[in-house]
Amino acid sequence: MLKVVVIGGGSSYTPELVEGFIKRHKYLPVEELWLVDCEAGQSKLEIVGELAKRMVEESGVPMSVHLTLDRTHALGGASFVVTQLRVGLLEARVKDERIPLKYGMYGQETNGAGGMFKALRTVPVILGICKDMEQLCPDAWLINFTNPAGIVTEAVRRYSNIKRVVGLCNVPYDMHTAIARILEKDKEQVRIYVGGLNHMSYVTRVEVDGEDVTGYVLDRWGSHSMNNIENKEWINGFVKELGVLPSPYHRYYYMAKEILEEAMVSEQTRAEKVMALEEELFELYGDVNLRTKPKQLEKRGGAYYSDAACSLICSIYNDTGDIQVVNTANCGVMNEFEYDEVVEISAVITKAGPVPVAVGKLPKSVRGLVNTIKSFEVAVCEAAVSGSYEKALLALMINPLVGSQREAVKVLDEMLEAHGEYLELFSK
């Protein structure tokens, strides 16, 4: 029996995932889909769960949908466990974004102080899920979509016995789609090679029918962005000289001052915008006549997540050997990182897991930034499992979006207090 368990099943993204399983059911015959959430997410779980059941009924595929607040009840015999959770819900994300702004630094879900605190709340929960998996489904694959995906995947590999873990992000998928649009080609005709870290990876090469067309795309990369990031134009001369294609998230580093200035005067954080969007989405989800994924879901930053997540699961299940971009162990492919460190990289997807492919050496112009972020990721992992104030301060000081010892201490102290209920290790 092919059984998939989704932890964070009450997420607004779940209809994307359900749609993906329905579309691929011929090749990925999921028999049981379990949607799991916590008590705080029970209402959303029930709304999304009923929509999922209607979608499956409408499609006619033989897949049963189950809802539960007890993950141990769901995990037994699972083939794949998908994590898409948010500890503290969106209210915690508002704090992640609002508090750093008070001290002149950008707060974001995966970057800087906001990203660090999301990781500090999330890593212990994910490691708890891993302990349950070790007992209940030790052979299952853990597919992590929870942000910050790179840090979470790094923590699982460092501090749990679950080695069948793959981190996933929709940014490379989105970039692949944008590149195909620039080339006026079907996505299947375009091959991209990606190397780096989650939200800090670059497209190192673009090919069409084996021909290198990277230069053509570099000249035209100007305005590509995503729904959750301000669309600021790249200077083509800069991108061309960089030699690799930056992701939309690189704006937080290469355009840090502009992004911060806009955030300081904005009436709403991204989290507050998402809360309004989710209110609209869940009102739609609750309509008993709705039996398909609503178009409005594409406004979320994780739009088209199902294609990335379900393609990965389908490829592992069928041992397809196709190339996808995932977060996995480096295995010596990129010289910039240690052998076992988690990287975001193009990899051949097999039933034994991702096999990273050679994506080329990152140019010197980006190596320093990427290595700084990896040191930040590792330091955050150490802080998350130890509850050490000093390790948390080290991590924060490493991050290039902080830039002030005085303000780093203030942010750290205030955010530790603001998120105290989710940071048991630190309270001890």
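Within segment 320-373, the residues that satisfy the criterion of being acidic (D, E), modelled with pLDDT of 95 or more and over 21 Å from Y173 (Cβ atoms) are E338, D340, E341. Counting residues in segment 339-359 that are surrounded by 14 or more Cβ atoms within 10 Å (Cβ to Cβ) and at positive phi gives one or more.
Counting only residues that are at negative phi, outside any helix (DSSP H, G or I) and either touching a helix residue (DSSP H, G or I) at 6+ places or on another chain (Cβ under 7 Å) or touching a residue at least 60 places away in the same chain (Cβ under 8 Å) (or both), segment 193-221 holds 17 of them. If you check E241, E298, E341 for being more than 21 Å from N144 (Cα to Cα) and not basic (K, R), only one passes: E241. The set of residues from segment 147-178 being of a type in the set (G, A, S) and modelled with pLDDT of 95 or more comprises A149, G150, A155, S160, G167. Take the residues in segment 20-46 that are in contact with a helix residue (DSSP H, G or I) (Cβ under 8 Å, 6 or more places away or on another chain) and open to solvent by 50 Å² or more (accessible area, probe 1.4 Å), then tell me which one is farthest from T146 (Cα to Cα). Among those residues, the one meeting the criterion is Y27.
Given the criterion hydrophobic (A, V, I, L, M, F, W, C) and over 30 Å from E154 (Cβ atoms), identify the matching residue among V208, V239, V274, V244.
V208
None of L401, L423 is in contact (Cβ under 8 Å) with a residue 24 or more places away in the chain, under 24 Å from the mean Cα position of the chain (by Cα) and open to solvent by 20 Å² or more (accessible area, probe 1.4 Å) except L401. Of all residue pairs spaced 6 or more apart or on separate chains, none has beta-carbon atoms under 6 Å together with a first member in segment 239-268 that is over 22 Å from R367 (Cα atoms) and in a loop (DSSP other than H, G, I, E, B) and a second member that is of a type in the set (A, V, I, L, M) and modelled with pLDDT under 90.
Scanning segment 412-428 for residues that are in contact with a Leu (Cβ under 7 Å, 6 or more places away or on another chain) and assigned to a helix (DSSP H, G or I) turns up L412, L416, F426. Quick check on this structure: which one of G114, G9, G107 is assigned to a helix (DSSP H, G or I) and open to solvent by less than 20 Å² (accessible area, probe 1.4 Å)? Criteria check complete, one pass: G114.
Under the condition of being assigned to a helix (DSSP H, G or I), β-branched (V, I, T) and within 19 Å of Y252 (Cα to Cα), the residues counted in segment 390-409 number 1. Taking each residue of segment 86-104 that is of a type in the set (K, R) and looking for partners that are at pLDDT 95 or above and not in a loop (DSSP other than H, G, I, E, B) with beta-carbon atoms closer than 6 Å, six or more apart or interchain, yields K95/A418.
The values are calculated or read from the model by the stated rules, or taken from the named source; none is laboratory data. Predicted, not measured: the structure shown is a model, and the values here were computed from it. Quick reminder, even Gly has a Cβ in these numbers, built from the backbone with ideal geometry, and neighbours come from all protein chains shown. What goes into the accessible areas is simple: the full protein's heavy atoms, side chains included, and nothing from ligands, DNA or RNA. Shrake-Rupley method; radii C 1.70, N 1.55, O 1.52, S 1.80 Å.
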